[in-house]
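The values are calculated or read from the model by the stated rules, or taken from the named source; none is laboratory data. Quantities reported herein were computed from a predicted structural model and do not represent experimental measurements. Note that each Cβ is placed from the backbone with ideal geometry, even for glycine, and that neighbours are counted across all protein chains shown.
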Ligand SMILES: NC(=O)c1ccc[n+]([C@@H]2O[C@H](COP(=O)([O-])OP(=O)(O)OC[C@H]3O[C@@H](n4cnc5c(N)ncnc54)[C@H](O)[C@@H]3O)[C@@H](O)[C@H]2O)c1
Ligand SMILES: [Zn+2]
(Lines give C-alpha, C1' and ligand atoms only; values in the text may rest on other atoms or scores of the structure.)
(Ligands and ions follow the chains in the order given, each with its own letter.)
Protein backbone atom coordinates (compact mmCIF):
# COMPACT_ATOMS: atom_id res chain seq x y z
CA UNK A 1 0.00 0.00 0.00
CA UNK A 2 1.52 3.33 -1.00
CA UNK A 3 1.54 6.35 1.30
CA UNK A 4 -1.02 8.10 -0.89
CA UNK A 5 -3.43 5.20 -0.53
CA UNK A 6 -2.79 4.69 3.15
CA UNK A 7 -3.51 8.24 4.27
CA UNK A 8 -6.09 10.73 3.07
CA UNK A 9 -5.54 14.39 3.86
CA UNK A 10 -8.50 16.43 5.07
CA UNK A 11 -10.08 18.77 2.58
CA UNK A 12 -9.06 22.13 4.04
CA UNK A 13 -8.46 25.69 2.81
CA UNK A 14 -4.74 25.47 3.67
CA UNK A 15 -1.93 25.00 1.14
CA UNK A 16 -0.50 21.86 2.76
CA UNK A 17 -1.84 18.39 3.55
CA UNK A 18 -3.28 17.73 7.00
CA UNK A 19 -3.79 14.10 7.92
CA UNK A 20 -5.82 12.91 10.90
CA UNK A 21 -5.80 9.15 11.00
CA UNK A 22 -5.30 6.42 13.54
CA UNK A 23 -1.95 4.76 12.91
CA UNK A 24 -0.64 7.71 10.87
CA UNK A 25 2.51 7.93 13.02
CA UNK A 26 4.09 5.15 10.96
CA UNK A 27 3.41 7.17 7.78
CA UNK A 28 5.21 10.35 8.90
CA UNK A 29 8.41 9.45 7.05
CA UNK A 30 6.63 8.71 3.78
CA UNK A 31 4.53 11.87 4.04
CA UNK A 32 7.66 13.93 4.73
CA UNK A 33 9.43 12.32 1.76
CA UNK A 34 6.44 13.09 -0.46
CA UNK A 35 5.85 16.71 0.59
CA UNK A 36 9.23 17.87 1.89
CA UNK A 37 11.83 15.59 0.31
CA UNK A 38 15.25 16.23 1.84
CA UNK A 39 18.78 15.00 1.96
CA UNK A 40 18.60 15.05 5.73
CA UNK A 41 15.68 14.66 8.16
CA UNK A 42 16.01 16.14 11.64
CA UNK A 43 13.46 14.95 14.18
CA UNK A 44 13.11 17.46 16.99
CA UNK A 45 11.20 15.53 19.62
CA UNK A 46 9.81 16.07 23.08
CA UNK A 47 11.80 13.55 25.15
CA UNK A 48 8.68 12.07 26.78
CA UNK A 49 6.97 11.67 23.42
CA UNK A 50 10.13 10.19 21.90
CA UNK A 51 10.19 7.54 24.62
CA UNK A 52 6.63 6.46 23.75
CA UNK A 53 6.44 7.02 20.01
CA UNK A 54 9.88 7.94 18.64
CA UNK A 55 10.77 4.54 17.21
CA UNK A 56 7.56 4.32 15.17
CA UNK A 57 8.28 7.66 13.54
CA UNK A 58 12.00 7.18 12.99
CA UNK A 59 11.57 3.69 11.55
CA UNK A 60 9.41 5.17 8.79
CA UNK A 61 11.86 7.87 7.71
CA UNK A 62 13.79 7.01 4.54
CA UNK A 63 17.60 7.07 4.42
CA UNK A 64 20.26 6.27 6.95
CA UNK A 65 21.31 9.60 8.40
CA UNK A 66 18.23 10.84 10.27
CA UNK A 67 19.21 13.05 13.18
CA UNK A 68 17.18 13.00 16.40
CA UNK A 69 17.34 15.95 18.76
CA UNK A 70 15.46 15.47 22.01
CA UNK A 71 14.05 18.36 24.00
CA UNK A 72 13.14 17.96 27.68
CA UNK A 73 9.40 18.46 28.28
CA UNK A 74 8.09 21.81 29.46
CA UNK A 75 7.26 25.36 28.42
CA UNK A 76 10.68 26.56 29.69
CA UNK A 77 12.23 24.83 26.66
CA UNK A 78 10.63 27.35 24.28
CA UNK A 79 13.67 29.53 24.86
CA UNK A 80 16.35 31.37 22.93
CA UNK A 81 18.89 29.07 24.59
CA UNK A 82 17.19 25.88 23.34
CA UNK A 83 16.74 27.43 19.87
CA UNK A 84 20.47 28.22 19.81
CA UNK A 85 21.44 24.74 20.97
CA UNK A 86 19.26 23.05 18.34
CA UNK A 87 20.40 25.23 15.44
CA UNK A 88 24.05 24.86 16.51
CA UNK A 89 23.63 21.07 16.67
CA UNK A 90 22.27 21.09 13.12
CA UNK A 91 25.09 23.32 11.90
CA UNK A 92 27.72 21.13 13.58
CA UNK A 93 26.16 18.07 11.94
CA UNK A 94 26.47 19.78 8.56
CA UNK A 95 22.76 20.03 7.82
CA UNK A 96 22.33 22.11 4.70
CA UNK A 97 19.39 23.83 3.06
CA UNK A 98 18.14 20.44 1.88
CA UNK A 99 17.05 19.53 5.41
CA UNK A 100 13.51 18.88 6.62
CA UNK A 101 12.63 19.26 10.28
CA UNK A 102 10.07 16.90 11.77
CA UNK A 103 8.49 18.31 14.94
CA UNK A 104 7.29 15.49 17.21
CA UNK A 105 5.56 16.62 20.37
CA UNK A 106 3.01 18.98 21.84
CA UNK A 107 2.64 22.70 21.22
CA UNK A 108 5.95 23.46 22.90
CA UNK A 109 7.99 21.39 20.47
CA UNK A 110 5.75 22.45 17.58
CA UNK A 111 6.44 26.12 18.25
CA UNK A 112 10.14 25.60 19.03
CA UNK A 113 10.97 23.24 16.17
CA UNK A 114 8.79 25.35 13.88
CA UNK A 115 10.84 28.42 14.76
CA UNK A 116 14.08 26.47 14.27
CA UNK A 117 12.82 25.50 10.79
CA UNK A 118 11.64 29.05 10.05
CA UNK A 119 15.08 30.47 10.80
CA UNK A 120 17.54 27.72 9.89
CA UNK A 121 19.38 28.84 6.74
CA UNK A 122 16.57 31.41 6.30
CA UNK A 123 13.95 28.69 6.37
CA UNK A 124 13.72 24.93 5.77
CA UNK A 125 10.52 22.82 5.63
CA UNK A 126 8.89 21.48 8.77
CA UNK A 127 6.49 18.58 9.09
CA UNK A 128 4.39 19.03 12.20
CA UNK A 129 3.46 15.89 14.13
CA UNK A 130 1.41 17.22 17.07
CA UNK A 131 0.99 14.72 19.90
CA UNK A 132 -1.24 16.56 22.37
CA UNK A 133 -4.91 17.26 21.78
CA UNK A 134 -4.21 20.99 22.17
CA UNK A 135 -1.47 20.97 19.56
CA UNK A 136 -3.69 18.99 17.19
CA UNK A 137 -6.78 21.19 17.39
CA UNK A 138 -5.15 24.56 18.01
CA UNK A 139 -1.51 24.71 16.90
CA UNK A 140 -1.48 22.62 13.73
CA UNK A 141 -2.96 25.21 11.38
CA UNK A 142 -2.13 28.90 11.24
CA UNK A 143 1.61 28.56 10.71
CA UNK A 144 2.55 30.33 13.93
CA UNK A 145 5.90 29.49 15.49
CA UNK A 146 7.53 31.18 18.47
CA UNK A 147 9.76 31.11 21.49
CA UNK A 148 9.23 32.78 24.86
CA UNK A 149 11.48 35.62 25.99
CA UNK A 150 11.82 37.41 29.35
CA UNK A 151 9.36 40.10 28.19
CA UNK A 152 6.64 37.53 27.56
CA UNK A 153 5.42 34.37 25.89
CA UNK A 154 5.56 33.94 22.09
CA UNK A 155 7.05 37.41 21.54
CA UNK A 156 9.76 36.25 19.14
CA UNK A 157 8.60 34.08 16.27
CA UNK A 158 7.57 33.77 12.66
CA UNK A 159 4.73 32.64 10.44
CA UNK A 160 6.07 29.44 8.85
CA UNK A 161 3.52 27.10 7.30
CA UNK A 162 4.34 23.41 7.69
CA UNK A 163 4.94 21.26 4.61
CA UNK A 164 2.49 18.76 6.09
CA UNK A 165 0.74 18.02 9.37
CA UNK A 166 0.27 14.46 10.57
CA UNK A 167 -1.98 13.64 13.51
CA UNK A 168 -2.41 10.16 14.92
CA UNK A 169 -5.21 10.12 17.51
CA UNK A 170 -3.78 6.88 18.92
CA UNK A 171 -0.84 8.81 20.42
CA UNK A 172 -3.30 10.45 22.80
CA UNK A 173 -3.59 7.13 24.66
CA UNK A 174 -0.34 8.00 26.46
CA UNK A 175 -1.33 11.61 27.19
CA UNK A 176 -2.27 12.27 30.84
CA UNK A 177 -5.91 13.36 31.37
CA UNK A 178 -5.07 16.90 32.56
CA UNK A 179 -3.20 17.53 29.30
CA UNK A 180 -6.12 16.15 27.30
CA UNK A 181 -8.44 18.71 28.91
CA UNK A 182 -6.41 21.58 27.46
CA UNK A 183 -7.42 20.46 23.99
CA UNK A 184 -11.02 19.94 25.01
CA UNK A 185 -11.29 23.59 26.05
CA UNK A 186 -10.25 24.73 22.55
CA UNK A 187 -12.59 22.18 20.90
CA UNK A 188 -15.52 23.54 22.90
CA UNK A 189 -14.39 27.03 21.88
CA UNK A 190 -14.50 26.02 18.22
CA UNK A 191 -18.10 24.88 18.70
CA UNK A 192 -19.11 28.19 20.26
CA UNK A 193 -17.40 30.38 17.68
CA UNK A 194 -18.48 28.53 14.55
CA UNK A 195 -20.60 25.41 14.68
CA UNK A 196 -23.53 24.49 16.96
CA UNK A 197 -23.70 20.94 15.60
CA UNK A 198 -20.01 20.47 16.41
CA UNK A 199 -20.67 21.72 19.95
CA UNK A 200 -23.50 19.21 20.35
CA UNK A 201 -21.40 16.29 19.09
CA UNK A 202 -18.50 17.23 21.36
CA UNK A 203 -20.72 17.53 24.42
CA UNK A 204 -22.38 14.24 23.55
CA UNK A 205 -19.01 12.48 23.19
CA UNK A 206 -17.98 13.86 26.58
CA UNK A 207 -21.15 12.51 28.17
CA UNK A 208 -19.65 9.14 29.05
CA UNK A 209 -16.39 10.64 30.31
CA UNK A 210 -13.01 10.88 28.59
CA UNK A 211 -12.08 7.35 29.68
CA UNK A 212 -15.07 5.94 27.82
CA UNK A 213 -14.67 3.99 24.56
CA UNK A 214 -17.39 6.15 23.00
CA UNK A 215 -15.18 9.19 23.48
CA UNK A 216 -12.10 7.49 22.03
CA UNK A 217 -14.11 6.40 19.00
CA UNK A 218 -15.56 9.87 18.43
CA UNK A 219 -12.23 11.64 18.85
CA UNK A 220 -10.64 11.29 15.37
CA UNK A 221 -13.59 12.96 13.67
CA UNK A 222 -13.94 15.59 16.39
CA UNK A 223 -10.25 16.46 15.93
CA UNK A 224 -10.60 16.66 12.14
CA UNK A 225 -13.67 18.87 12.39
CA UNK A 226 -12.03 21.11 14.97
CA UNK A 227 -9.03 21.59 12.69
CA UNK A 228 -11.41 22.37 9.83
CA UNK A 229 -13.16 25.08 11.87
CA UNK A 230 -9.87 26.74 12.76
CA UNK A 231 -8.56 26.41 9.20
CA UNK A 232 -11.71 28.05 7.83
CA UNK A 233 -11.36 31.01 10.19
CA UNK A 234 -7.63 31.40 9.59
CA UNK A 235 -7.99 31.10 5.80
CA UNK A 236 -10.43 34.02 5.79
CA UNK A 237 -8.12 36.20 7.85
CA UNK A 238 -4.51 35.09 7.70
CA UNK A 239 -2.98 38.12 9.44
CA UNK A 240 -5.43 38.65 12.27
CA UNK A 241 -7.24 41.80 11.16
CA UNK A 242 -10.84 40.75 11.65
CA UNK A 243 -12.58 37.38 11.74
CA UNK A 244 -9.64 35.65 13.35
CA UNK A 245 -10.50 37.63 16.49
CA UNK A 246 -13.22 35.06 17.19
CA UNK A 247 -10.50 32.51 17.99
CA UNK A 248 -9.73 34.76 20.92
CA UNK A 249 -13.10 34.00 22.55
CA UNK A 250 -12.48 33.19 26.23
CA UNK A 251 -8.86 34.27 25.91
CA UNK A 252 -9.01 37.91 27.00
CA UNK A 253 -10.00 36.83 30.48
CA UNK A 254 -7.93 33.61 30.27
CA UNK A 255 -4.74 35.56 29.59
CA UNK A 256 -5.50 37.90 32.49
CA UNK A 257 -5.98 34.92 34.84
CA UNK A 258 -2.77 33.29 33.63
CA UNK A 259 -0.84 36.52 34.11
CA UNK A 260 -2.28 37.14 37.59
CA UNK A 261 -1.47 33.56 38.65
CA UNK A 262 1.97 33.73 37.04
CA UNK A 263 0.97 30.91 34.65
CA UNK A 264 0.19 28.71 37.65
CA UNK A 265 -3.08 27.56 36.07
CA UNK A 266 -3.33 25.31 33.00
CA UNK A 267 -4.19 27.25 29.83
CA UNK A 268 -7.24 25.05 29.18
CA UNK A 269 -8.59 25.73 32.67
CA UNK A 270 -8.13 29.47 32.16
CA UNK A 271 -9.84 29.32 28.75
CA UNK A 272 -12.77 27.35 30.17
CA UNK A 273 -13.32 29.97 32.88
CA UNK A 274 -12.77 32.74 30.34
CA UNK A 275 -15.41 31.36 27.97
CA UNK A 276 -18.02 31.17 30.74
CA UNK A 277 -17.27 34.68 32.02
CA UNK A 278 -17.07 36.24 28.56
CA UNK A 279 -20.42 34.62 27.70
CA UNK A 280 -21.80 36.24 30.88
CA UNK A 281 -20.40 39.56 29.66
CA UNK A 282 -22.19 38.91 26.37
CA UNK A 283 -25.46 38.33 28.22
CA UNK A 284 -24.96 41.45 30.35
CA UNK A 285 -24.31 43.47 27.18
CA UNK A 286 -27.53 42.17 25.62
CA UNK A 287 -25.49 40.50 22.85
CA UNK A 288 -25.81 36.86 23.92
CA UNK A 289 -29.05 34.93 24.35
CA UNK A 290 -30.08 34.40 27.96
CA UNK A 291 -28.78 31.11 29.37
CA UNK A 292 -25.81 30.88 26.99
CA UNK A 293 -23.20 31.09 29.75
CA UNK A 294 -24.96 28.31 31.68
CA UNK A 295 -24.86 26.05 28.61
CA UNK A 296 -21.15 26.76 28.17
CA UNK A 297 -20.56 26.14 31.88
CA UNK A 298 -22.31 22.75 31.59
CA UNK A 299 -20.09 21.85 28.61
CA UNK A 300 -16.82 22.78 30.29
CA UNK A 301 -17.78 20.90 33.47
CA UNK A 302 -18.52 17.78 31.39
CA UNK A 303 -14.95 18.03 30.11
CA UNK A 304 -13.68 18.20 33.70
CA UNK A 305 -12.78 21.86 33.29
CA UNK A 306 -13.57 24.64 35.81
CA UNK A 307 -16.36 27.15 35.13
CA UNK A 308 -15.61 29.68 37.88
CA UNK A 309 -12.53 31.61 38.95
CA UNK A 310 -10.53 29.74 41.60
CA UNK A 311 -11.16 30.98 45.12
CA UNK A 312 -8.25 31.16 47.60
CA UNK A 313 -5.61 31.87 44.95
CA UNK A 314 -5.41 35.55 45.77
CA UNK A 315 -7.28 36.70 42.65
CA UNK A 316 -9.00 40.09 42.87
CA UNK A 317 -11.50 41.46 40.35
CA UNK A 318 -9.82 44.86 39.96
CA UNK A 319 -6.36 43.34 39.39
CA UNK A 320 -7.82 40.95 36.83
CA UNK A 321 -9.49 43.84 35.04
CA UNK A 322 -6.16 45.68 34.89
CA UNK A 323 -4.49 42.52 33.59
CA UNK A 324 -6.96 42.27 30.68
CA UNK A 325 -5.58 45.59 29.42
CA UNK A 326 -2.08 44.07 29.32
CA UNK A 327 -3.13 41.62 26.66
CA UNK A 328 -0.83 41.97 23.66
CA UNK A 329 -3.87 41.87 21.41
CA UNK A 330 -5.36 44.97 23.07
CA UNK A 331 -4.97 47.94 20.77
CA UNK A 332 -4.51 51.55 21.88
CA UNK A 333 -5.37 50.84 25.51
CA UNK A 334 -8.92 49.64 24.94
CA UNK A 335 -9.82 46.05 25.64
CA UNK A 336 -11.94 44.38 23.01
CA UNK A 337 -13.86 41.15 23.56
CA UNK A 338 -14.95 38.65 20.96
CA UNK A 339 -18.42 37.74 22.22
CA UNK A 340 -20.90 35.03 21.23
CA UNK A 341 -24.54 35.66 20.41
CA UNK A 342 -25.30 31.98 20.76
CA UNK A 343 -23.54 28.64 20.37
CA UNK A 344 -22.10 28.75 16.85
CA UNK A 345 -22.78 32.46 16.24
CA UNK A 346 -20.36 35.27 17.09
CA UNK A 347 -21.07 39.00 17.27
CA UNK A 348 -19.54 40.71 14.19
CA UNK A 349 -19.35 44.08 15.95
CA UNK A 350 -18.89 47.28 14.00
CA UNK A 351 -16.67 47.41 10.88
CA UNK A 352 -16.44 43.60 10.93
CA UNK A 353 -13.84 43.64 13.67
CA UNK A 354 -15.53 40.68 15.36
CA UNK A 355 -14.99 42.27 18.75
CA UNK A 356 -16.60 44.92 20.93
CA UNK A 357 -15.46 47.16 23.76
CA UNK A 358 -17.06 46.41 27.12
CA UNK A 359 -17.51 48.95 29.93
CA UNK A 360 -15.20 48.23 32.89
CA UNK A 361 -18.06 48.07 35.38
CA UNK A 362 -19.63 45.13 33.55
CA UNK A 363 -16.35 43.19 33.49
CA UNK A 364 -15.76 43.97 37.18
CA UNK A 365 -19.21 42.80 38.16
CA UNK A 366 -18.87 39.48 36.29
CA UNK A 367 -15.39 38.86 37.76
CA UNK A 368 -16.53 39.68 41.31
CA UNK A 369 -19.56 37.45 41.20
CA UNK A 370 -17.48 34.54 39.86
CA UNK A 371 -14.96 34.97 42.69
CA UNK A 372 -17.79 34.64 45.23
CA UNK A 373 -19.73 31.95 43.32
CA UNK A 374 -20.40 28.66 45.10
CA UNK A 375 -17.86 25.97 44.15
CA UNK A 376 -19.13 22.72 42.70
N1 LIG B 1 1.41 27.82 17.29
C2 LIG B 1 0.17 27.90 17.69
O3 LIG B 1 -0.74 28.26 16.93
C4 LIG B 1 -0.17 27.51 19.10
C5 LIG B 1 -1.51 27.37 19.48
C6 LIG B 1 -1.79 26.98 20.78
C7 LIG B 1 -0.77 26.74 21.67
N8 LIG B 1 0.53 26.91 21.29
C9 LIG B 1 1.62 26.64 22.22
O10 LIG B 1 1.55 25.29 22.63
C11 LIG B 1 2.17 25.16 23.90
C12 LIG B 1 1.36 24.22 24.75
O13 LIG B 1 1.27 22.99 24.07
P14 LIG B 1 0.79 21.66 24.79
O15 LIG B 1 -0.38 21.91 25.64
O16 LIG B 1 0.71 20.66 23.71
O17 LIG B 1 1.95 21.37 25.82
P18 LIG B 1 3.36 20.58 25.75
O19 LIG B 1 3.93 20.60 24.41
O20 LIG B 1 4.14 21.13 26.86
O21 LIG B 1 2.93 19.10 26.11
C22 LIG B 1 2.33 18.83 27.37
C23 LIG B 1 2.98 17.64 28.06
O24 LIG B 1 2.52 16.45 27.44
C25 LIG B 1 3.63 15.61 27.12
N26 LIG B 1 3.20 14.88 25.92
C27 LIG B 1 2.96 15.40 24.71
N28 LIG B 1 2.43 14.49 23.90
C29 LIG B 1 2.33 13.34 24.61
C30 LIG B 1 1.86 12.06 24.34
N31 LIG B 1 1.28 11.75 23.16
N32 LIG B 1 1.95 11.12 25.31
C33 LIG B 1 2.46 11.44 26.52
N34 LIG B 1 2.91 12.65 26.86
C35 LIG B 1 2.85 13.60 25.91
C36 LIG B 1 4.79 16.52 26.98
O37 LIG B 1 6.00 15.84 27.27
C38 LIG B 1 4.50 17.59 28.01
O39 LIG B 1 4.96 17.19 29.27
C40 LIG B 1 2.33 26.55 24.46
O41 LIG B 1 3.68 26.91 24.44
C42 LIG B 1 1.52 27.42 23.51
O43 LIG B 1 2.07 28.70 23.38
C44 LIG B 1 0.84 27.27 20.03
ZN1 LIG C 1 -5.89 28.87 23.77
(request) Answer with yes or no whether residue 278 is in contact with a strand residue (DSSP E or B) (Cβ under 9 Å, 6 or more places away or on another chain), crowded, with 17+ Cβ neighbours inside 10 Å and outside any loop (DSSP other than H, G, I, E, B). (result) yes
(request) From the list 212, 170, pick out the single residue that is more than 16 Å from ligand 2 (Cβ to nearest atom) and either more than 18 Å from residue 303 (Cα to Cα) or in contact with a strand residue (DSSP E or B) (Cβ under 9 Å, 6 or more places away or on another chain) (or both). (result) 170
(request) Mind listing whichever residues of region 154-180 are more than 15 Å from residue 123 (Cα to Cα) and surrounded by fewer than 19 Cβ atoms within 10 Å (Cβ to Cβ)? (result) 154, 155, 156, 170, 173, 174, 176, 177, 178, 179
(request) Specify which of the listed residues (42, 68) is surrounded by fewer than 22 Cβ atoms within 10 Å (Cβ to Cβ) and part of a strand (DSSP E or B). (result) 68
(request) Show the residue pairs that are 6+ apart or on different chains and have beta-carbon atoms under 6 Å apart, the first residue being within region 124-143 and within 16 Å of residue 157 (Cβ to Cβ) and in a strand (DSSP E or B), the second being more than 9 Å from ligand 1 (Cβ to nearest atom) and at pLDDT 95 or above. (result) 126/101; 126/103; 126/117; 126/162; 128/103; 128/162; 128/165
(request) Working only within region 201-234, note down all residues that are in contact (Cβ under 8 Å) with a residue 60 or more places away in the chain, farther than 21 Å from residue 11 by Cα and either within 14 Å of ligand 1 (Cβ to nearest atom) or assigned to a helix (DSSP H, G or I) (or both). (result) 203, 206
(request) Please work out if residue 56 is modelled with pLDDT of 95 or more, assigned to a helix (DSSP H, G or I) and in contact with a helix residue (DSSP H, G or I) (Cβ under 9 Å, 6 or more places away or on another chain). (result) yes
(request) Answer yes or no: is there a residue in region 54-68 that is under 19 Å from the mean Cα position of the chain (by Cα), more than 11 Å from ligand 1 (Cβ to nearest atom) and touching a residue at least 40 places away in the same chain (Cβ under 8 Å). (result) no
(request) Would you be able to say whether some residue in region 150-163 is within 18 Å of residue 30 (Cα to Cα) and at pLDDT 95 or above? (result) yes
